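The values are calculated or read from the model by the stated rules, or taken from the named source; none is laboratory data. Everything numeric in this text was worked out from a predicted model, so none of it was measured. All Cβ positions, even for glycine, are placed from backbone atoms using ideal geometry, and neighbour counts span all protein chains on display. Accessible surface is based on the protein model in full, side chains and every heavy atom, while ligands, DNA and RNA are left aside. Shrake-Rupley method; radii C 1.70, N 1.55, O 1.52, S 1.80 Å.
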Amino acid sequence: MKNFESFLSPQLNEYLLYRQNLGYNIKVLRSHLLIFDHYIRETSLQWESLNPFFFIEMRTHLDMEAVSVNKVITTLRSFFQFLVRKGYVDENPLQDITLLKENTPVPFIFSPEQTDQLLAVICKKIRRRKSSFLKDLGIYLAIVLLARCGMRISEPLKLLRKHYRRDDKTIYIQNTKFKKDRLIPIPQAVVTEIDNYLSVRQSLEPHDHNTYLLAGKEVKPLTEEQVRYRFHQSVKEIGIRHPRKVMGNMTFNPPTPHSLRHSFAINTLITIKERGQSTQNALPVLAQYMGHSHYTYTAIYLKAADAKSRKDLF
């Protein structure tokens, strides 16, 4: 892990510890702060130089896209607010720094057929060795939950065994992105996959004390890196080649695990529309299912193109 090296190292580490103690994942936060740490070392600045003009100039010199620059600025604004509360500085120099105008991101959308194909390939990649079988089966199940239940990648990995309620075919998702808990019904096919996984786990690890639904090493869950690696490996294998592309004020993104969540929402709305039902009426229900703080966030999916429409743009 790379350490901070600027004169602000103590405060940067203190802030990370503070955020970590609040329960936040600090990996991305650290990466943003390392950019700032490197920049102030390169410019050899001290406390008195950290004024609004410095951050305006920094915003200009960061060799990144607007969306990435804005994330760094937002992180630094929060960091300096922390410094104000701790008494290190009197005012937040980023308080009035505006964010750059960003392109509209367009996520990759898997068609139902592509989703089925992807899951089939991932299933075939499950190794039969005892040392690998349970881990590979868990990775497969994690991706099933992304594709069939629209979960964020962190959600299946945080699930505890007790969160799966087989009798009523539901999963309890706790303390998610918007600090909301939700109880969602799951399809019978997903119930079967979970039961199969737990049965295999009981057979291979009869004395297992791991409380997580998807067991990793020792008593830890599987990691996002393991899921992402298998996902990208399998996307290539089924022949999907959609590199990131900018067209005007729109950025078309390549497939990521989060694309499965977008695909679940959009394909659900398409199915509702094809049945002749109201997609507007379905939005509040879908918003609750996906854990959005308000159904207006879910309404964005109404504007998204389906997989075929996106493909025609390339």
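Residue-by-condition table, conditions (1) closer than 20 Å to Leu146 by Cα; (2) surrounded by 18 or more Cβ atoms within 10 Å (Cβ to Cβ); (3) touching a strand residue (DSSP E or B) at 6+ places or on another chain (Cβ under 6 Å); (4) aliphatic (A, V, I, L, M):
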| residue | (1), (2), (3), (4) |
| --- | --- |
| Arg230 | yes, yes, no, no |
| Val235 | yes, yes, no, yes |
| Arg261 | yes, yes, no, no |
| Asn267 | yes, yes, no, no |
| Thr271 | yes, no, no, no |
| Glu274 | no, no, no, no |
| Leu283 | yes, yes, no, yes |
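Identify, please: which residue in the range 193-210 is open to solvent by 80 Å² or more (accessible area, probe 1.4 Å) and free of Cβ contacts under 8 Å to residues at least 60 places away in the same chain and is, among those, nearest to Lys162 (Cα to Cα)?
It comes out as His209.
Note on the range 42-68: residues that are open to solvent by 40 Å² or more (accessible area, probe 1.4 Å) and touching an Asp or Glu at 6+ places or on another chain (Cβ under 6 Å) total 1.
Residues that are in a loop (DSSP other than H, G, I, E, B), among the charged types (D, E, K, R) and modelled with pLDDT under 65 within the range 270-314 comprise Asp306, Asp312, listed in sequence order.
Quick test for you: out of Leu119, Leu99, Leu146, pick the one residue that is within 30 Å of Val246 (Cα to Cα) and modelled with pLDDT under 95.
Among Leu119, Leu99, Leu146, only Leu99 is within 30 Å of Val246 (Cα to Cα) and modelled with pLDDT under 95.
For residues that are part of a helix (DSSP H, G or I), in contact with a Phe, Trp or Tyr (Cβ under 9 Å, 6 or more places away or on another chain) and free of Cβ contacts under 8 Å to residues at least 40 places away in the same chain, scanning just the range 117-139, find the one that is most open to solvent (accessible area, probe 1.4 Å). That would be Cys123. With respect to the conditions (1) in contact with an Asp or Glu (Cβ under 8 Å, 6 or more places away or on another chain); (2) free of Cβ contacts under 8 Å to residues at least 60 places away in the same chain, Ala189 falls short on a single one, namely (1). Looking only at the range 3-27, residues that are touching a residue at least 12 places away in the same chain (Cβ under 8 Å), at negative phi and either among the small types (Gly, Ala, Ser) or in a helix (DSSP H, G or I) (or both) come to 8 in all. Farther than 15 Å from Asn92 by Cβ, hydrophobic (A, V, I, L, M, F, W, C) and buried (at least 18 other Cβ atoms within 10 Å of the Cβ): does that describe Leu17? For Leu17, the condition - farther than 15 Å from Asn92 by Cβ, hydrophobic (A, V, I, L, M, F, W, C) and buried (at least 18 other Cβ atoms within 10 Å of the Cβ) - is not met.
Just the residues that are farther than 13 Å from Ile122 by Cα and in a helix (DSSP H, G or I), please, taken from the range 147-157. Arg148, Cys149, Ser154, Glu155, Pro156, Leu157, listed by residue number. When the range 69-103 is filtered for residues that are in a loop (DSSP other than H, G, I, E, B) and open to solvent by 80 Å² or more (accessible area, probe 1.4 Å), the ones remaining, listed by number, are Tyr88, Asp90, Glu91, Gln95, Asp96, Thr98, Leu99, Lys101, Glu102. Given the conditions (1) in a helix (DSSP H, G or I); (2) touching a Pro at 6+ places or on another chain (Cβ under 9 Å); (3) at pLDDT below 95, and given that Glu57 satisfies all but one, which numbered condition is not satisfied? It is condition (2) that Glu57 fails.
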